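Trainee: Quick one: structure below, then a few questions.
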Amino acid sequence: MTNKAKVGLIGLGVMGENLALNIERNGFPIAIYNRTHEKVTDFINDRAKGKQVIGCKEIKEFIETLETPRKIILLVKAGPPVDQTIESLRPFLDDGDIIIDGGNSHYEDTRRREKSLLIDDVYLIGSGVSGGEEGALNGPSLMPGGNKDAYEKIRPIWEAIAAKVDDGPCVTYLGPDGAGHFVKMVHNGIEYGDMQLIAEVYDVMKRGLGMEAEEIAETFDDWNEGKLDSFLIDITAQILTVEDRETGQPLVDLIVDKAGQKGTGRWTGQVALELGVPIPTIDAALTGRLLSAMKDERVKASKVLAGPVPIVEDDEEREEFLECLADALYASKVCSYAQGMSLIKAGSDHYEWNINLAECARIWKGGCIIRAELLEEIRKAYANNPKLPNLLMDKDFGSYIVDVQQSWRHVINFAQNNGIAVPALSASLAYFDMYRAEHLPQNLTQAQRDFFGAHTYERSDKPELGFIHTEWESLVKERAKQK
């Protein structure tokens, strides 16, 4: 055991314990502290027994155990607990010490906290950590933002503990102040979209095609060998093979269909509205979770609101339809990522963070929940053209979606004709159709706004006039008289 720990960690939930073990395993002695000291004692005597882990009972003792400049990781619940923990540390910190918030803090909170700590010459790194319990232990995807010099001091630790892929550790410096937590927030929004898309495809297979869980599992397993290769597809296939020990039924069929959320997906939608970036697939995923939570109301509605009689696809046509379904899922995922990357770019431009989108895709290739084969293609697209306005404008992605769009439309038509809700698949297709449209019906929207609120509009044939207003009611009355 060394006299001083290289790094400290506060918050011994499962993520905190696993990250501490990851750090220690990679050669960095670590000091730990938890508000409830019993957790520290239990951890030291169990999972951390015999390892270079120093358990501390008081904050002052914890601080004195760390080498300077101190590097302190917080893995506590986002919100007030982060502020409270920082304030408990503050009296004991020295110039140049570094606090790393590894929780899912809102990026605006990170920006505020960083400014406050800089008054005392203490640095704050806001670092997204993705990968769940397993990632924390064996290698997560890390998304740090904050002072660049402060990051350089923690970089050896972060690169050592991150997941490793063919082109390096899954961590990169993303930009100043809240850049890291912003990227993690959007990552979680993309995750919401991914999960909803997969759930909808599962529903089409189950209710539309009458497939059993095991058969659906085999389909997802097959897809995971190709372009849809991803962590979420993989675990979906595994989930569908598990049977309940008591009933012998697929366990997934016994789970109440009410999905929860922890806030980052909602924040993504709110920020997108503030920055004026459309993210309909992610919004549809949020709506799906909210509607799922209305279980009792849905059960009552199901007894009085009838839908169409399902038409199950013929067995002979099933294989062809499943190919269409795979294409629809992939195309929808591309649109979902296009929305997420556009939001990151908008945030980067607004806050002058200079986030590298190719690097975002690269560090998501391993460790994190949305890791997928698709991300390498996204990385290539932004590496080839850092100024790419939208992922759909990449030659390879654009041509693929154009080629499979009939399959995509066929799947959505089938689902809607059978009364199966596919809001995220539909939203992705609508995004594609609106993005590629030279003309949209918002000319009528502008006319309506000008009619009732004098909000003005521009003329397509006379752009030199700028914004103008029309007395619509006068013109309508005038025309009526002429008749």
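Derivation of every value follows stated rules applied to the coordinates shown; laboratory data play no part. All values reported here derive from a predicted model rather than from experimental measurement. Neighbour counts are summed over all protein chains in view; Cβ atoms, including those assigned to glycine, are modelled from backbone coordinates with ideal geometry.
Trainee: Determine how many Å³ per residue the convex hull of the Cα atoms of segment 165-239 encloses.
Mentor: 103
Trainee: Excluding same-chain residues fewer than 8 positions from K49, which aspartates and glutamates have a Cα within less than 17 Å of its Cα?
Mentor: Partners found: E17, E24, E38.
Trainee: Count the net charge of all other residues whose Cβ sits under 11 Å from the Cβ of W408, scoring Lys and Arg as +1 and Asp and Glu as -1.
Mentor: In short, -2.
Trainee: Also, quick follow-up: When the Cα atoms of segment 18-129 are enclosed in a convex hull and the volume is divided per residue, what value in Å³ results?
Mentor: Numbers: hull volume 10.8 nm³, N = 112.
With only Cα atoms used, segment 18-129 gives 96 Å³ per residue.
Trainee: I've got another one for you. Sum -39500 (n - 2.57) across every DSSP H segment of at least 4 residues in the chain, then divide by the residue count to get the 222 nm mean residue ellipticity, nearest 500.
Mentor: After summing the helix terms and dividing by the residues of the chain, the value is -17000 deg cm²/dmol.
Trainee: Jot down the radius of gyration and Dmax of segment 331-386, Cα atoms only, both in angstrom.
Mentor: When restricted to Cα atoms, segment 331-386 yields Rg and Dmax of 11.0, 31 Å.
Trainee: Now a separate question. Measure of size requested: the Rg and Dmax of segment 102-218, with Cα atoms as the atom set and Å as the unit; please supply both.
Mentor: 18.7, 63
Trainee: Hey, can you grab everything whose amide H is under 5 Å from the amide H of A293? Only 5+ residues off in sequence or another chain; H modelled, so Pro and N-termini drop out.
Mentor: For A293, whose amide H was placed from the backbone, the distant partners under 5 Å are A259.
Trainee: Another question, if that's okay. From the P(r) of segment 292-402, could you give the percentage of C-alpha pairs in the tail past 19 Å?
Mentor: Of all Cα-Cα pairs in segment 292-402, 60 percent lie more than 19 Å apart.
Trainee: Can I ask one more? What are the lysines whose alpha-carbon lies under 17 Å from the alpha-carbon of K333, with same-chain residues fewer than 8 places away excluded?
Mentor: Reachable lysines: K227, K365, K380, K395.
Trainee: Take the Cα radius of gyration of the chain and divide it by 2.2 N^0.38 Å, with N its residue count; two decimals is plenty.
Mentor: 1.13
Trainee: Relative to the first principal axis of the alpha-carbon coordinates of the chain, what is the inclination of helix 395-417, with its axis defined by its Cα atoms, in degrees from 0 to 90 and to the nearest 10?
Mentor: Between the helix axis and the principal axis of the chain, the angle is about 70 degrees.
Trainee: I would also like to ask the following. With 25 Å as the limit, write out which pairs from K77/K164; K184/K206; K39/K153; K4/K153; K462/K483 have Cα-Cα distances beyond it, or answer none.
Mentor: Numbers: K77/K164 27 Å; K184/K206 33 Å; K39/K153 29 Å; K4/K153 17 Å; K462/K483 29 Å.
Table pairs above 25 Å Cα-Cα are K77/K164; K184/K206; K39/K153; K462/K483.
Trainee: Please state, to two decimals, what the Cα-based radius of gyration of segment 365-438 comes to when divided by 2.2 N^0.38 Å (N = residues).
Mentor: Its radius of gyration relative to the 2.2 N^0.38 Å reference: 1.30.
Trainee: On the principal axes of its Cα set, how long, how wide and how thick is segment 68-137? Give whole Å, largest value first.
Mentor: For segment 68-137, the Cα extents along the three principal axes come out at 35, 26, 17 Å.
Trainee: While we're here: Peptides 56-68, 227-239, 459-471: what's the order by average Cβ count within 10 Å, highest mean first?
Mentor: Put in order of decreasing packing, that is 227-239, 56-68, 459-471.
Trainee: When N counts the residues of segment 223-377, how does its alpha-carbon radius of gyration compare numerically with 2.2 N^0.38 Å, as a ratio?
Mentor: 1.28
Trainee: Over 5 Å intervals from 0, what percent of Cα-Cα pairs in segment 89-170 sits in each interval?
Mentor: Histogram of Cα-Cα distances, whole percents per bin: 3, 15, 24, 22, 18, 11, 6, 1, 0.
Trainee: Oh, and also: If packing is taken as the average count of other Cβ atoms within 10 Å, what order do 209-221, 35-47, 137-149 fall into, highest mean first?
Mentor: So the order, starting with the most tightly packed, is 137-149, 209-221, 35-47.
Trainee: Express the relative contact order of the chain as a whole percentage, based on alpha carbon pairs under 8 Å and six or more residues apart in sequence.
Mentor: Contact order relative to length: 13 percent.
Trainee: Please report, for the Cα atoms of segment 149-284, the Rg to one decimal and the Dmax as a whole number; what are they, in angstrom?
Mentor: Both quantities, over Cα of segment 149-284: 19.0, 58 Å.
Trainee: I would also like to ask the following. Rank-order 27-34, 165-172 by packing density, defined as the average count of other C-beta atoms within 10 Å over each peptide's residues, highest first.
Mentor: Top of the packing list down: 27-34, 165-172.
Trainee: Please compute one quarter of the surface area of the Cα convex hull for segment 22-61 and express it in square nanometres. Walk me through the intermediate numbers first.
Mentor: On the way: hull surface 11.0 nm².
Orientation-averaged projected area of the Cα hull: 2.7 nm².
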